[in-house]
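Below is one structure, written out as C-alpha cells; comments come after it.
The values are calculated or read from the model by the stated rules, or taken from the named source; none is laboratory data. For clarity, every value in this text was computed on a predicted model and none was experimentally measured. A quick note on method: Cβ atoms are made from the backbone with ideal geometry, for glycine too, and the neighbour counts reach across all protein chains shown.
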Amino acid sequence: MMDAVIIGGGPAAFSAALNLKIRNKSFMILAGNEKVTGLMRAPQIDNYPGMPGISGTELIEAYRRHVEEMGIEIKKDKVYNVLNMGDYFALNAGNEFYDAKCLIIATGHAKFKYFEGEREYLGKGVGYCATCDGPLYRNKSVAIISQNEEGEEEARFLSEICSEVYYLPMYKEQPELNDKIKLINEKVVDILGDGTKVHTLKTDKSELKLDAVFIIRNVLPVNQLLEGLELEEGSIKVDRSMATNIPGVFACGDCTGKPYQIAKAVGEGNVAALSAVKYLDSVR
Ligand SMILES: Cc1cc2nc3c(=O)[nH]c(=O)nc-3n(C[C@H](O)[C@H](O)[C@H](O)COP(=O)(O)OP(=O)(O)OC[C@H]3O[C@@H](n4cnc5c(N)ncnc54)[C@H](O)[C@@H]3O)c2cc1C
C-alpha cells in the first residue's frame, strides 16, 4: 500500500511528485503514453519563467530528468479505472493493479466529443480498455478506434484471441499492425446496437458487423476514471487546496480547467501534493 499514486505524466504530475518526494511519502507516477502530453507539440514556450525559448519537448525532458534524479519511479501504465475502497483506492492499470491511500489526478485536458452511441453502449460492447475486457470477446469480431499508437498494441493483443479485428486510426502515422488486423481508414459515424448490446460500427463508407468497440483516447473521460468525481463544465471540480469532492483525491493542471498553461499546472501540482501530505498525516 503506497501513500499516494499520481496519475499523469505532464508538468502538474511532475511538480506534485517532487513535493511528495521532499515530504518523504511513498508513491509512484503512472504516466500513461509519454507522447500524449500536448506540451510535446509546443514549439517554443515564452511564458514560463527562467527558460526563454525552450521547446515543449525540451521542457518535459528537463522535468523527467529532474524527477528521475530524485529517485522517483515513473511508470508508463495508463490507469483505466479507480475504485474507491473507503480508506484506500484500488487502481486498475490494464495488467497491473495498485493500492494507495490517496490520489493525485493530473491527466490533462480531456477534449473530445463522444461518438454517437458511445455512451448508450458503454459496458454493453463499448469499452476503453482492450486488455481488461478483450477476453470477453474471444472468437468474436471487434474494432479499435484509436487516437494514438497505443491502440496498435491493443489490436495486436486482440488479434490473438478474436476472430476479426478492425483498426480505425484517428492519427496520421501509418499504424504497425499484423496481417490478421484489418486497417479501416474511415470516419466513425455511429455505434449501433439492439438496445442491450452493440452489433454494428457505422462509418462514412461502410457498416462493420461486430460485437465490441474499444475506444482508445489520449485522455479518458474523467468520470470514467473514478465514479462519483464531481465535474464542473467538464473539468474536475476542486477547491483552493486542489481537493476534489472525494476525500483523499486531489487534482491539478489542465484536468481542473482553464487556463491551460504550464505555470498553472506546476503551481497546482505543488498545492495538490502539499494537501495530499496534510491528508495523509490526518488519516495516519
Ligand atoms: C501545441 C501546444 C502548445 C502549448 N504551448 C504552451 C505555452 O507556450 N505555454 C503554456 O503555458 N502552455 C502551453 N500549452 C499548454 C500546456 O502544454 C498545458 O497547459 C500543460 O501541459 C498542462 O499540464 P498537465 O500536467 O495538466 O497535463 P498534460 O501536460 O496534458 O499531461 C497529462 C498527462 O497525463 C497522462 N494521462 C492522461 N490520462 C492518463 C491515465 N488515464 N493514466 C495515466 N496517465 C494519463 C498523459 O499521458 C499525459 O502525460 C500548449 C499546449 C499545446 C497543445
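Looking across the range 159-182, the residues that are under 22 Å from G117 (Cα atoms) and modelled with pLDDT of 95 or more come down to E164, V165, Y166, Y167, L168, P169. The residue list A106, A130 contains one member that is within 30 Å of M2 (Cα to Cα), touching a Leu at 6+ places or on another chain (Cβ under 8 Å), among the aliphatic types (A, V, I, L, M) and buried (at least 19 other Cβ atoms within 10 Å of the Cβ), which is A130. Taking first residues from the range 95-116 that are assigned by TED's automatic domain parsing to the domain that holds K78 and farther than 20 Å from K258 by Cβ and partners that are of a type outside the set (S, T, N, Q) and modelled with pLDDT under 95, the Cβ contacts under 6 Å between residues at least 6 apart in sequence or on separate chains come to E96/D77; D99/M1. Would it be correct to say that S241 is within 16 Å of the ligand (Cβ to nearest atom) and among the polar types (S, T, N, Q)? When the stated conditions are applied, S241 does not pass them. Contact map, the range 255-280: residues that are within 16 Å of L103 (Cα to Cα) paired with residues that are within 11 Å of the ligand (Cβ to nearest atom) and among the basic types (K, R), Cβ distance under 9 Å, separation 6+ or inter-chain. Pairs shown: T256/K264. Would you confirm, using the coordinates I've provided, whether A130 is in contact (Cβ under 8 Å) with a residue 40 or more places away in the chain and over 25 Å from V82 (Cβ atoms)? Here the answer is no, as A130 does not meet what is asked. If the condition is being over 25 Å from the mean Cα position of the chain (by Cα) and assigned to a strand (DSSP E or B), then the range 197-217 contributes H199, T200, K202, T203, E207, L208, K209.
Of note, F214 satisfies the criterion of being crowded, with 16+ Cβ neighbours inside 10 Å, over 16 Å from A272 (Cα atoms), among the aromatic types (F, W, Y) and within 15 Å of the ligand (Cβ to nearest atom).
Scanning the range 71-106 for residues that are more than 17 Å from the chain's Cα centre (by Cα) and polar (S, T, N, Q) returns a single hit, N84.
Evaluate the range 253-276: report whether one residue or more is touching a Ser or Thr at 6+ places or on another chain (Cβ under 6 Å) and surrounded by fewer than 16 Cβ atoms within 10 Å (Cβ to Cβ).
Looking only at the range 253-276, we keep the residues that are touching a Ser or Thr at 6+ places or on another chain (Cβ under 6 Å), and these are 255-257, 266, 269-270, 275.
Those left that are additionally surrounded by fewer than 16 Cβ atoms within 10 Å (Cβ to Cβ): none.
Within the range 253-276, not a single residue is touching a Ser or Thr at 6+ places or on another chain (Cβ under 6 Å) and surrounded by fewer than 16 Cβ atoms within 10 Å (Cβ to Cβ).
It is to be established whether one or more residues within the range 39-61 are under 25 Å from E233 (Cα atoms) and in contact (Cβ under 8 Å) with a residue 12 or more places away in the chain. Within the range 39-61, one or more residues are under 25 Å from E233 (Cα atoms) and in contact (Cβ under 8 Å) with a residue 12 or more places away in the chain. Looking at D87, D3, D77, just one residue is buried (at least 18 other Cβ atoms within 10 Å of the Cβ), among the charged types (D, E, K, R) and more than 12 Å from the ligand (Cβ to nearest atom), and that residue is D3.
For the range 29-57, taking the residues that are of a type in the set (V, I, T) and within 6 Å of the ligand (Cβ to nearest atom), the one that is modelled with the highest pLDDT is identified as I45. Can I60 be described as modelled with pLDDT of 95 or more, closer than 24 Å to E150 by Cβ and either within 11 Å of the ligand (Cβ to nearest atom) or not assigned by TED's automatic domain parsing to the domain that holds Q147 (or both)? Answer is no for this residue.
Applying the selection to the range 175-196, what residues are under 25 Å from the mean Cα position of the chain (by Cα) and either touching a residue at least 24 places away in the same chain (Cβ under 8 Å) or assigned to a strand (DSSP E or B) (or both)?
Hits for the range 175-196 are P175, E176, L177, I181, L183, I184, V188, V189, D190, I191.
For the range 45-68, residues that are exposed (fewer than 14 other Cβ atoms within 10 Å of the Cβ) and either more than 25 Å from the chain's Cα centre (by Cα) or basic (K, R) (or both) total 8.
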